[in-house]
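K.L.:
Got a structure for you, questions after.
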Amino acid sequence: MLQHTDCGIKGAPVARRSCVADDKLDDLAITDPYKAIAIDVAAREANPNLPDGITVTGLVYDVKTCLIETVVPATVLRHELDQVRST
């Protein structure tokens with residue numbers, strides 16, 4: 001999973017097609033991509049509709065440096081459930 005720094009949705013082509021009023025776009029902007037990616041990964045881990053055994057990694061792309069940082073290391077979803085099933 002990937003988030004990025006410097007969220008600039010306002011004025012972007014995707015924003016114009018989003019049916020969200022311009023004055024509401026700032027409310028939707030992700031201001032802390034490091035926190036957001038941790039929340040995103042946790043949400044996937046908690047989602048019972050995803051199959052067990054999927055590996056998820058949380059990354060943040062810095063748009064100024066073009067570097068990608070691993071924030072949440074590769075994690076197997078519900079790995080502990082797989083261990084219980086194998087015993």
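Nothing in this text is a laboratory measurement; each read-out follows from the coordinates by a stated rule. Since the structure is predicted, the reported quantities are computational estimates derived from the model, not experimental observations. As a convention, Cβ positions derive from the backbone with ideal geometry for all residues, glycine included, and neighbour counts pool all protein chains shown.
K.L.:
Taking amide H positions as placed 1.01 Å from N in the peptide plane, with prolines and chain starts having none, which residues 5 or more places from Val71, or on another chain, fall under 5 Å of its amide H?
P.N.:
Those lying under 5 Å, H to H, from Val71 are Gly58, Leu59, Val60.
K.L.:
Would you mind computing, in nm to one decimal, how far apart the modelled labels at Asp22 and Thr55 are, each placed 7 Å from Cα along Cα→Cβ?
P.N.:
In this crude label model, Asp22 to Thr55 measures out at 4.6 nm.
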